[in-house]
Amino acid sequence: MCPGTRACKRAKQDSPGLGFALDKEFYGKPAPAKFKMGVAGCPNCCSDAWLKDLGFFGTDDGFTAVVGGKGGGTAKVGRELAQGLTEEQAVALARKVIAFYRENGQAPERLGATIERVGFDKFKEAVL
C-alpha cells in the first residue's frame, strides 16, 4: 500500500486505513494459489493496484476496486469491478471476492485466470 493521505498530497483516500484492515482480516488465510492485494490512495496507483489479484485505489468518490491483475513476465492489467466504495464496503467486497476464489479457483490458477475461465459477468454477478 502507499502512504495515502497520511503523507502524499495526491492521495484522495486513506489507503493505509484500508490496507491495514485488509491485512488484519486476510493475512495468512489460505487461497487456492498466490493472492496479492494492493491499495493506493489515488489513481496514480503507486502500489500497482491494477497489477494485483485484487486492488483498490482512491478517487474523490471513494475507492475503486480492480480484479484479475498480475505482475511478472506475463503481466496482466486488472479489470474495474466497482467504484465509490467506502473502506467498509471495500473490505466486504474483498470478502466476497476471496470467497468466490476459494470456491471456484483451481490451484495453481491465479484469480485472473479463474475469472477468465468462469467469465467476468458471472464473477461480477456473484460478488456484487
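Each value in this text was obtained by applying a stated rule to the coordinates, not by laboratory testing. Since this is a predicted model, take the numbers as computed values, not measurements. Cβ coordinates were reconstructed from backbone atoms using ideal geometry, including for glycine residues, and neighbour counts include every protein chain displayed.
When the Karplus curve 6.51 cos²θ - 1.76 cosθ + 1.60 is applied with θ = phi - 60°, which whole-Hz ³J(HN,Hα) does each residue of the stretch 66-78 get, with x for Gly and Pro?
10, 9, x, x, 7, x, x, x, 10, 4, 9, 7, x
Restricting to the chain, compute how many DSSP beta bridges are antiparallel as a %, nearest 5.
Values: 11 of 15 bridges.
In the chain, DSSP labels about 75 percent of beta bridges as antiparallel.
For the chain, return all DSSP H helices satisfying: extent of Cα atoms along own axis at least 15 Å; mean Kyte-Doolittle hydropathy at least -0.5. Each step should come with its number before you reach the end.
On the way: long enough: 15-26 (16 Å, 0.07); 87-104 (25 Å, -0.28).
Within the chain the helices that satisfy the rule are 15-26, 87-104.
Restricting things to alpha carbons, tell me how big the stretch 4-127 is in terms of Rg and Dmax, in Å.
So, for the stretch 4-127, Rg and Dmax equal 13.6, 41 Å respectively.
Set the bar at 19 Å for Cα to Cα. Now go through LYS12/LYS36; LYS96/LYS124; LYS24/LYS122 and name every pair that lies beyond it. Mind dumping the intermediate values first?
Numbers: LYS12/LYS36 22 Å; LYS96/LYS124 10 Å; LYS24/LYS122 29 Å.
Over 19 Å apart, Cα to Cα: LYS12/LYS36; LYS24/LYS122.
In whole Hz, what ³J(HN,Hα) sequence does the stretch 41-52 give by Karplus (6.51, -1.76, 1.60; θ = phi - 60°), x for Gly and Pro?
With coefficients 6.51, -1.76 and 1.60, one gets x, 8, x, 5, 6, 4, 8, 6, 4, 5, 9, 10 Hz.
Please list, in chain and number order, the residues 5+ apart from ALA82 or on another chain whose amide H is under 5 Å from its amide H, with Hs placed from the backbone.
Sorted by chain and number, the residues that satisfy this are ALA65.
Would you mind finding the longest exposed-site-free stretch of the chain, with exposed trypsin sites (Lys or Arg not before Pro) meaning DSSP loop and at most 13 other Cβ atoms within 10 Å? Write out the running numbers ahead of the final one.
Details: sites that count: LYS9, LYS34.
The answer is 35-128.
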